[in-house]
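Reading through the structure tokens given below for one structure.
Each reported figure results from applying straightforward, stated rules to the coordinates on display, with no laboratory input. Keep in mind it's a predicted model, so treat the numbers as computed, not measured. Neighbour counts are summed over all protein chains in view; Cβ atoms, including those assigned to glycine, are modelled from backbone coordinates with ideal geometry.
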Amino acid sequence: MTMPFGYASPEQQVRDKSEYARKGIARGRSVVVLTYVDGILFVAENPSTTLHKISEMYDRVGFAAVGKYNEFENLRTAGIRIMDTRGYMYDRRDVTSRALANAYAQTLGAIFTESIKPYEVEIVVAEVGHSATEDQIYRLTYDGSIADERGFIAIGGQSEQVMTSLREHHVEGQPLSAALRVAVDALTAGAPPGSPPNGERTLTAANLEVAMLDRTRTRRMFKRIVGSQLDGLLTETAPAAS
Amino acid sequence: MPDPTGVGRLPAVFMTPGTSSFADFLSVAAPDLLPGARGSLPAPVTDAAHGTTIVAVTFPGGVIMAGDRRATQGHMIAQRDVEKVHHADEFSCVGYAGTAGVGAELIRLFQVELEHYEKIEGSTLSLDAKANRLAFMVKGNLPMAMQGLAVIPLFAGFDTETGQGRIFSYDIAAAKSEERTYESIGSGSVFARGSLKKRFRSNHTADDAVRISIEALYDAADDDSATGGPDLIRKLYPIVASVTADGYRRLTDDEVAPVVESIIADRAQNSGG
């Protein structure tokens, strides 16, 4: 059989696209999503106060993303539209993170196979349950793969180093300030190439974007942690100066 | 919703950037879900349930909105415990008078509209913009109103920019007008407005505003058969909401009941005719 000019096998195409997407994602900073006693905490290294990586989706559902801003912003908007439409058609209680994660998985999967350029994004969709055992965290990658995570997850550039730190320090049922410290330490461990060596790079309130899904709140459980509340939580657990 | 591409990804309308309005999005993605989408009716509807009197009263630092609990169907009482005053968002509330089914749907869409904008934009609309969005929704209902399914909202909120409580009322053609002091809508509104006219003081407190709102509803119920008075037997009191710098808050029955009882006690002394 003669191959047409410029033919690439499906395997080759998938490999190339994956490599392309991974390179794009690896350039960005990481985001950590982890559980604490009253819900789920989102922590992103993000110097911008207006271009968000973390977002409210619905009463119990939050979103975090890394990668190309226009691409994940497109998915974020689509997600809010899906959820608001479902809540309006059915009832607020019938809006679930699983439905959203499925829609994202199928969309990312279709874009990966059909388009020349895949989306360079990684996404976390998390839902806070009535109790800690009902918390749900889904991780979605550029090719539409979906995984159900327990307790914590890191996405983005240095996610492996960040995950190592999380595995070591994450404790189920930890208070909010402890969870924030675990997340910040993990993000610090995942220093992007070219940044000062470990220990010299400190993350402060100015370059962190933090939000939580707090099951003790009523109705809309998503809340950003900013200003004095964030400063307070960070100093509460700051390592003693040596 | 059907997927036109047929390959299992979200329909293009979801992924199209542009609008932050949920109503605009629905008009493209699922127009049949919009409140106006009842098709053309063979004859005017005259026997749908109706909601009646709503009042709103400003005071320095906020606004109070209150509504009676009755829904009528012709000469019958359709429901005794309707809630016609609702939370719109953190700094506003909305009530309706007219066809109950259309009113409830309009308010639901309005609530999602405000929350949708907030989530997509990461900031809230100004109070004037919220009032304009509501006018747009009333306008969408005009064909239904012409067929007998009219509904009119009353919108009130705390303007975080000026620190004032503000009230917006609408007519059936969506003409929006702002009221600085008080406003009432619905079948008992003539009597409620007369009552408020005599009792309103520009420097009164939030508690005074709650009291004169409930007095106005009492006066409306006194003279309008479609407006329900407080039902002490079933412990059904008017719905009262306040919006201030601290946000929206619905008063509990335990807060409303003493005011109602005190008004009734005063009226027992002097019935006003």
Could you compute Rg(Cα) / (2.2 N^0.38 Å) for region B:138-178, with N its residue count? 1.43
Using the per-residue mean of other Cβ atoms lying within 10 Å as a proxy for protection, in what order, highest first, do the peptides A:171-184, A:74-87 fall? A:74-87, A:171-184
Listed residue (B:LEU154, B:PHE59, B:TYR117) projecting farthest to the positive dipole end of chain B, Cβ model: B:LEU154
Show me the helices of chain B, taken as full DSSP H stretches, that run 30 Å or more along their long axis by Cα and average -1.0 or above in Kyte-Doolittle hydropathy. B:100-121
Helix-only estimate, please: 222 nm mean residue ellipticity of the protein assembly as shown, summing -39500 (n - 2.57) across DSSP H runs of length 4 or more and dividing by its residues, to the nearest 500. -12000 deg cm²/dmol
In debye, nearest 20, what is the charge dipole magnitude of the protein assembly as shown about its Cα centre with +1 on Lys and Arg Cβ and -1 on Asp and Glu Cβ, if you could check? 460 debye
Counting all Cα-Cα pairs in region B:48-269, those more than 23 Å apart amount in percent to 42 percent
Ranking A:ALA101, A:GLN13, A:ALA64 by how far each Cα lies towards the positive end of the charge dipole of region A:1-133 (+1 on Lys and Arg Cβ, -1 on Asp and Glu Cβ), the top one is A:GLN13
Tensor-based shape of region B:1-147 (alpha-carbon gyration tensor, a/c under 1.5 rounded, otherwise prolate or oblate): oblate
State log₁₀ I(q)/I(0) for region A:5-79 at q = 0.21 Å⁻¹ as given by the Debye formula over alpha-carbon point scatterers of equal weight, solvent excluded. -1.00
Dipole magnitude of chain B about its Cα centre (Cβ charges: Lys, Arg +1; Asp, Glu -1), debye to nearest 20: 360 debye
How large is ³J(HN,Hα) for each residue in region A:20-29, as worked out from phi by the Karplus curve 6.51 cos²θ - 1.76 cosθ + 1.60 (θ = phi - 60°), to whole Hz, x for Gly and Pro? 4, 5, 4, 4, x, 5, 5, 6, x, 7
What the 10 Å binned alpha carbon P(r) of region A:1-143 shows, as percent of pairs per bin from 0, is 11, 37, 31, 14, 5, 2, 0
Among B:ASP219, A:ASP143, rank each residue by its count of other Cβ atoms within 10 Å, from fewest to most, as a rough exposure measure. A:ASP143, B:ASP219
B:ASP68's amide H: which non-local residues (gap 5+, or another chain) put their own amide H closer than 5 Å, with H modeled 1.01 Å from N in plane and none for Pro or chain starts? B:THR53
Grab the Cα-Cα distance for B:ALA12 and B:ARG108, subtract it from 0.36 nm times how many residues apart they are, and report the gain in nm with one decimal. 32.0 nm
Any idea what diffusion coefficient region B:152-273 gets from Stokes-Einstein, in µm²/s, Kirkwood Rh on alpha carbon pairs, 20 °C, 1.002 mPa s? 138 µm²/s
Using a 10 Å cut-off around each Cβ, can you sort A:HIS130, B:HIS87, B:HIS116 from fewest to most neighbouring Cβ atoms? A:HIS130, B:HIS87, B:HIS116
Where in region B:229-273 are there trypsin sites (Lys or Arg not before Pro) that are in a DSSP coil and have at most 16 other Cβ atoms within 10 angstrom of their Cβ? B:ARG234, B:LYS235
Net charge over other residues, Cβ less than 13 angstrom from the Cβ of A:PRO239 (K, R count +1; D, E count -1): -1
Using Cβ counts within 10 Å as a stand-in for footprinting exposure, how do A:ARG15, B:ARG199, B:ARG70, A:ARG29 rank, fewest first? A:ARG15, B:ARG199, A:ARG29, B:ARG70
Rounded to two decimals, the Rg over Rh value of chain A from Cα coordinates and the Kirkwood Rh reads 1.00
Using a cut-off of 18 Å between alpha-carbon atoms, which aspartates and glutamates can reach B:LYS139, once sequence neighbours fewer than 8 places away in the same chain are excluded? B:ASP24, B:ASP32, B:GLU105, B:GLU113, B:ASP128, B:ASP171, B:GLU178
Using the Cβ atoms and a cut-off under 13 Å, what net charge is assigned to the surroundings of A:LYS17, where Lys and Arg are +1 and Asp and Glu are -1? -2
Give me the dipole magnitude in Debye, nearest 20, for region A:74-210 about the Cα centre, with unit charges on the beta carbon: positive for Lys and Arg, negative for Asp and Glu. 240 debye
In whole angstrom, the spacing between the Cα centers of region B:26-91 and region B:194-208 equals 25 Å
Between the Cα axis of helix A:159-169 and the main Cα principal axis of chain A, the angle (0 to 90°, nearest 10) is 30 degrees
Radius of gyration and Dmax for the protein assembly as shown's Cα atoms, expressed in Å? 27.2, 104
List the GluC sites (Glu not before Pro) in region B:75-182 that DSSP assigns to loop (not H, G, I, E or B) and whose Cβ has at most 10 other Cβ atoms within 10 Å. Which are they? B:GLU161
List the pairs from A:LYS68/B:LYS119; A:LYS53/A:LYS117; A:LYS17/B:LYS119; B:LYS119/B:LYS235; A:LYS223/B:LYS130 whose alpha-carbon separation is above 29 Å, in the order I gave them. A:LYS17/B:LYS119; B:LYS119/B:LYS235
Efficiency of FRET between B:ASN203 and B:ASP253 - r from beta-carbon atoms, R0 25 angstrom, step 0.05: 0.30
